[in-house]
Amino acid sequence: MLFPLYDRNPHARTPIVTLVLILANVICFWVSTQQGPGGFAKTVYERGFVPQRLTRLNDPQPVIAQQKLNDKQVMVVQLSTKAEEVYPTLISMMFLHGGWLHLISNMWMLWVFGDNVEDRLGRFVYPFFYIVGGLLAVLAHWAIAPMSTQPVIGASGAVAAVLGAYAVTFPGAKVRTLIFVGFPFLFDLPALLVLGAWFLLQTIAGVQGLGAPADIEASVAFWAHIGGFVAGVVLMPLLTVGAHPPDKDWRTESREMFEF
């Protein structure tokens with residue numbers, strides 16, 4: 001197991017957008033869990049991204065999905081394929097999580113790496129980058145499992161875009177990393193190595209899952225992680241064309257480029 005604890009790459013200013021994103025995710029998770037197991041499951045299907053809804057967009061017949069609540073109860077959900085109900089789920093799914101561990105792991109990674117990406121892009125461009133990265137991530141998942149009725153939720157794809165952006169912008173930044181191989185070890189490792197290893201693990205798992213039934217693969221969403229990371233790697237250089245490389249001078253120039 002490999003888990004980044006923090007980086008030795010201080011931000012120049014308070015990462016307000018990153019903090020707002022974390023707060024929004026926490027609030028959305030708390031609200032969604034106040035409905036009881038059945039209500040939460042229904043919210044996940046209705047507000048999460050169900051690939052088959054997009055594949056069958058505007059089909060007069062609804063998508064039928066089933067969710068096992070316990071050993072005796074199975075919930076059957078009918079999901080509309082109307083465009084005005086499907087498209088919003090591409091965004092709302094980024095703010096829903098399946099449990100506290102799911103939420104905390106995503107928000108921890110966003111906090112560790114998002115502050116510097118926000119510094120680099122500025123508070124105006126960064127939130128758009130985050131959302132676009134998340135959209136490209138979920139579309140990558142849809143491309144792999146277009147007929148799945150398993151809902152996809154979580155900020156993982158958008159956070160993966162942040163990781164990709166960080167990897168190409170601060171490849172040499174030291175990241176304090178916990179590596180557990182029977183016993184825990186702590187190392188300061190280059191960001192490119194840590195995030196590259198994370199991406200490699202996601203890719204291996206995603207490729208291995210290609211032969212699995214669509215709904216099993218969809219529940220893991222490795223391809224959303226892969227798509228998000230690639231989106232970050234590609235988008236970050238495009239959004240910082242003409243800016244100084246990330247040294248002691250880039251913060252001032254990037255603010256001049258992106259702040260209004």
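For LEU186 and HIS11, what is the calculated FRET efficiency with R₀ set at 22 Å and r taken between the beta-carbons, to the nearest 0.05? After rounding, the FRET efficiency stands at 0.50.
For the pair region 91-140 / region 1-53, the C-alpha centres are spaced 8 Å from each other.
In this rough spin-label picture, where each label sits 7 Å from Cα along the Cβ direction, the LEU19-MET75 distance is 3.5 nm.
For region 2-258, a simple Cβ point-charge model (Lys and Arg +1, Asp and Glu -1, everything else neutral) yields a dipole of about 240 debye relative to the Cα centre.
For the chain, the membrane-span-like helix rule (DSSP H, alpha carbon extent of at least 27 Å along the helix axis, mean Kyte-Doolittle at least -1.0) picks out 100-121, 125-144; this says nothing about an actual membrane.
When the P(r) is computed for region 1-114, the part past 25 Å accounts for 38% of the Cα-Cα pairs.
When only alpha carbons of region 47-168 are considered, Rg and Dmax amount to 16.2, 52 Å.
Two-decimal Rg/Rh of region 2-258 from alpha-carbon positions, Kirkwood Rh? Ratio of gyration radius to Kirkwood radius for region 2-258: 0.99.
Inter-label distance, ARG176 to VAL241: 3.9 nm, where each label sits 7 Å from its Cα along the C-beta direction.
Per residue of the chain, the DSSP helices (runs of n ≥ 4 H) give a summed -39500 (n - 2.57) that works out to -18000 deg cm²/dmol at 222 nm.
Where a number appears in this text, it was derived from the coordinates with a stated rule and is not lab data. Treat the numbers as computed from the prediction; the structure is a model and nothing was measured. Ideal geometry is used to build each Cβ from the backbone, glycine not excepted, and the neighbour counts take in all protein chains shown.
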